[in-house]
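Just below is one structure, and these are the notes that go with it.
The values are calculated or read from the model by the stated rules, or taken from the named source; none is laboratory data. Computed from a prediction, not measured in an experiment: that's the story for all the values here. Positions of Cβ are generated from backbone atoms using ideal geometry, with glycine treated the same way; all protein chains shown enter the neighbour counts.
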């Protein structure tokens, strides 16, 4: 009786590896990214509307507060993303138990998403709107 081991490992391209990682993302990570992304899109659209209103000549209370609004956007996305992730992602190995681990996962997902949302909105969407 001959024993056969596993066959040779097929080499996957970089794109195949990333596609597989995307399709098999762990549910906690997927939920953290999705919750932060939803918050960032909603708040980002509001921030873009504020920016476009100021460029259009609108006179708003407080004047031009785009820089503080940008800082508030990042803080709000990080805070809300961490909080929502805390609510929807249980600690691994302890179903139904929420902990600082869940909030930290949400925070680490929210920060890059906040900045990437700003880049997409102000470097891609805004120029497409013709402003």
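Take residue 9 and decide whether it is in contact (Cβ under 8 Å) with a residue 60 or more places away in the chain and either at negative phi or under 25 Å from the mean Cα position of the chain (by Cα) (or both).
Values: in contact (Cβ under 8 Å) with a residue 60 or more places away in the chain: no; either at negative phi or under 25 Å from the mean Cα position of the chain (by Cα) (or both): yes.
No, not satisfied.
The residues of segment 50-70 that are part of a helix (DSSP H, G or I) and either touching a helix residue (DSSP H, G or I) at 6+ places or on another chain (Cβ under 8 Å) or surrounded by fewer than 11 Cβ atoms within 10 Å (Cβ to Cβ) (or both), listed by number, are 50, 51, 52, 54, 66, 67, 68, 69, 70.
When you go through 45, 39 one by one, which is the residue that is buried (at least 18 other Cβ atoms within 10 Å of the Cβ), part of a helix (DSSP H, G or I) and modelled with pLDDT of 85 or more?
Numbers: 45 fails: buried (at least 18 other Cβ atoms within 10 Å of the Cβ).
Of 45, 39, the one residue that is buried (at least 18 other Cβ atoms within 10 Å of the Cβ), part of a helix (DSSP H, G or I) and modelled with pLDDT of 85 or more is 39.
Go through segment 88-106 and give me each residue that's surrounded by fewer than 20 Cβ atoms within 10 Å (Cβ to Cβ) and either part of a loop (DSSP other than H, G, I, E, B) or touching a residue at least 12 places away in the same chain (Cβ under 8 Å) (or both). Give the steps one after another, and end with the answer.
Residues of segment 88-106 that are surrounded by fewer than 20 Cβ atoms within 10 Å (Cβ to Cβ), as a first pass: 88, 90-101, 104.
Passing the criteria: 88, 90, 91, 92, 93, 94, 95, 96, 97, 98, 99, 104.
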